[in-house]
Amino acid sequence: KPITGFDIAFRLAPRINAAGRMDVASEIIELFCTRDATRAGELANKLEILNRERRETEARALAAIEARLLSDDELAAARLVVVDGDGWHRGVIGILASRVVERTAKPALVISVEDGIAHGSGRSVDGFQLLEAIETCADLFTRFGGHAFAVGFALPAASLPELKRRLALCAAERLAAREPERVLNI
């Protein structure tokens, strides 16, 4: 049957994306280039498995984050949500940060801690320049980058308490007069 925009957006794209998040994306190129239908089927099946794994991994971590938001009054009241977890898959932390922003209407950083290194990803809201905020903590990071609405970074896990402290001060100052609100731009 003919491929539609819906097929691309909701069937193909998530599976292509999952390959890059959960594994290596080079097999996507092979899938698009192969003329061997059997090999194409094998690669498509692998993409389906990776996408299912990505959804399950994301759901488990999101459930843990939501439980923390419900049980930790200080975290729930924060102007900028910073949440970390041991061993969360680094391929989904950006998605998780987006989900936290959707649920809280606040900027959010989601951080995975592995082997003493904290890898983070953040998403923001209108009116809060996320890159500028993390630049106030530049000395803590081993690397960082991004733009006003999305950032990625790494730092020693031992620096997380200081990162949280500084970002809380920054957010309190920059978001003091603003109440979180969900905005739907159409």
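The values are calculated or read from the model by the stated rules, or taken from the named source; none is laboratory data. Just so we're clear, the structure is a prediction, and the values are computed from it rather than from any experiment. Backbone-built Cβ (ideal geometry, glycine too); neighbour counts: all protein chains shown. What goes into the accessible areas is simple: the full protein's heavy atoms, side chains included, and nothing from ligands, DNA or RNA. Shrake-Rupley method; radii C 1.70, N 1.55, O 1.52, S 1.80 Å.
Which residues, taken from region 13-43, are more than 22 Å from His89 (Cβ to Cβ) and of a type in the set (A, V, I, L, M, F, W, C)? Spell out the reasoning first.
First pass over region 13-43, keeping only residues more than 22 Å from His89 (Cβ to Cβ): 29-42.
Across region 13-43, the qualifying residues are Ile29, Leu31, Phe32, Cys33, Ala37, Ala40.
Condition test on Glu42, is it within 28 Å of Leu184 (Cα to Cα), free of Cβ contacts under 8 Å to residues at least 60 places away in the same chain and open to solvent by 50 Å² or more (accessible area, probe 1.4 Å)? Can you show your working first?
Working: within 28 Å of Leu184 (Cα to Cα): no; free of Cβ contacts under 8 Å to residues at least 60 places away in the same chain: yes; open to solvent by 50 Å² or more (accessible area, probe 1.4 Å): yes.
Criteria not met by Glu42.
Of the residues in region 151-186, how many are farther than 14 Å from Leu80 by Cα and either in a loop (DSSP other than H, G, I, E, B) or among the charged types (D, E, K, R) (or both)?
Qualifying residue count, region 151-186: 6.
Just to be sure I understand the filter: pairs with C-beta atoms under 7 Å, separated by 6 or more residues or on different chains, first member in region 162-186 and farther than 16 Å from Ala108 by Cβ, second member part of a helix (DSSP H, G or I) and open to solvent by less than 100 Å² (accessible area, probe 1.4 Å). Which pairs pass?
If the second residue must be part of a helix (DSSP H, G or I) and open to solvent by less than 100 Å² (accessible area, probe 1.4 Å), the pairs left are Glu162/Leu140.
Are any residues in region 104-148 open to solvent by 70 Å² or more (accessible area, probe 1.4 Å), outside any strand (DSSP E or B), within 18 Å of Arg165 (Cβ to Cβ) and without any contact (Cβ under 8 Å) to a residue 12 or more places away in the chain, and if so, which ones?
Across region 104-148, the qualifying residues are Glu135, Asp139.
Scanning region 135-186 for residues that are at pLDDT 95 or above and among the charged types (D, E, K, R), which turns out nearest to Val92 (Cα to Cα)?
Filtering first and then ranking leaves Arg143.
Is it true that some residue in region 86-93 is within 18 Å of the chain's Cα centre (by Cα) and assigned to a helix (DSSP H, G or I)? Steps first, answer last, please.
Going through region 86-93, the residues within 18 Å of the chain's Cα centre (by Cα) turn out to be 86-93.
The next check asks that each one be assigned to a helix (DSSP H, G or I); those that pass are 93.
There is at least one residue in region 86-93 that is within 18 Å of the chain's Cα centre (by Cα) and assigned to a helix (DSSP H, G or I).
Among the candidates Phe149, Phe144, which residue alone is touching an Asp or Glu at 6+ places or on another chain (Cβ under 9 Å), over 24 Å from Arg103 (Cβ atoms) and hydrophobic (A, V, I, L, M, F, W, C)?
Numbers: Phe149 fails: over 24 Å from Arg103 (Cβ atoms).
None of the other options fit; the residue is Phe144.
In region 70-102, how many are closer than 22 Å to Arg174 by Cα and open to solvent by less than 30 Å² (accessible area, probe 1.4 Å)?
9
Taking Leu62 as the residue in question, decide whether it is modelled with pLDDT of 95 or more, open to solvent by less than 60 Å² (accessible area, probe 1.4 Å) and either in contact with a Gly (Cβ under 9 Å, 6 or more places away or on another chain) or outside any strand (DSSP E or B) (or both).
Yes: the conditions hold for Leu62.
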